[in-house]
1. Given the conditions (1) in contact (Cβ under 8 Å) with a residue 40 or more places away in the chain; (2) charged (D, E, K, R); (3) under 18 Å from Phe201 (Cβ atoms), and given that Glu114 satisfies all but one, which numbered condition is not satisfied?
2. Looking only at the range 165-189, which residues are part of a helix (DSSP H, G or I) and surrounded by 14 or more Cβ atoms within 10 Å (Cβ to Cβ)?
3. Let me spell it out: the conditions are (1) charged (D, E, K, R); (2) over 23 Å from Leu23 (Cα atoms); (3) free of Cβ contacts under 8 Å to residues at least 12 places away in the same chain, and Glu199 meets all of them except one. Which number is the exception?
4. Just name the residue that is modelled with the highest pLDDT out of those in the range 26-79 that are hydroxyl-bearing (Ser, Thr, Tyr) and assigned to a loop (DSSP other than H, G, I, E, B).
Amino acid sequence: MIKKVKGLWGWVFNSFFSKKKSLKLGLYGPPNAGKSTLANRICKDWLGQEMSTVSAIPHETREIKIKENVVIKSKGKSISFNLVDTPGIATKIDYEEFMKFKMNKEDSKERAKEATKGVIDAIKWLDDMNAVLVVLDSTLNPYSQVNITIIGNLAARNIPVMIIANKIDLKKADIKRIEAAFPQYQVVGISAEKGDNVEQFYDSLFKLVK
């Protein structure tokens with residue numbers, strides 16, 4: 001009888017710990033920084049398919065999107081994770097912003113409503129993240145309220161972070177400005193759209209989620 005009990009508890013113990021939760025890698029950042037473009041780059045490189053819709057209109061991604069079982073390989077090593085593309089974080093969302101892109105008032109208000117909910121959901125999801133890539137537009141000033149809010153939330157949760165300085169193919173790109181703004185984190189400059197420097201990005205990703 002004792003052997004049976006031990007066997008049962010051994011099975012429960014092994015079953016519990018063998019069901020390891022999938023690693024969640026989140027993409028965070030302000031609107032139009034290139035989060036969804038990077039999500040598509042990763043998925044195209046390793047799965048042969050895109051993940052998200054990309055648009056010049058802010059807040060194209062307004063709900064959490066997940067691509068499961070993304071496997072990246074390098075130098076005989078591999079990592080597997082669920083990639084989580086989140087809505088752009090903003091401190092203020094005004095429906096009139098969308099009307100500048102020739103959207104009518106009704107659609108603009110609906111988009112603003114969805115975008116606001118998306119920001120709230122993105123912050124909530126931080127508690128589920130194992131590591132986060134903060135995607136910033138390297139042509140813009142990194143000292144913004146939005147960026148500081150994102151980094152502050154991550155620091156408070158002690159989540160491993162790597163900052164992606166995106167759009168380095170553009171003339172106004174300035175990686176050093178981002179490095180100076182957030183010296184406590186590794187900054188990797190890439191062009192998610194063109195694929196520039198993605199090999200260094202993937203190598204750095206192994207170190208982030210080791």
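1. Only one criterion in (1) in contact (Cβ under 8 Å) with a residue 40 or more places away in the chain; (2) charged (D, E, K, R); (3) under 18 Å from Phe201 (Cβ atoms) is unmet by Glu114, namely (3).
2. Of everything in the range 165-189, those that are part of a helix (DSSP H, G or I) and surrounded by 14 or more Cβ atoms within 10 Å (Cβ to Cβ) turn out to be Ile175, Arg177, Ile178, Glu179, Ala181.
3. With respect to (1) charged (D, E, K, R); (2) over 23 Å from Leu23 (Cα atoms); (3) free of Cβ contacts under 8 Å to residues at least 12 places away in the same chain, Glu199 is out only on (2).
4. Ranking the qualifying residues of the range 26-79, first place goes to Ser52.
The values are calculated or read from the model by the stated rules, or taken from the named source; none is laboratory data. Model, not experiment: these values are computed from the prediction. Here Cβ is always computed from backbone atoms with ideal geometry, including for glycine, and neighbour counts include all displayed protein chains.
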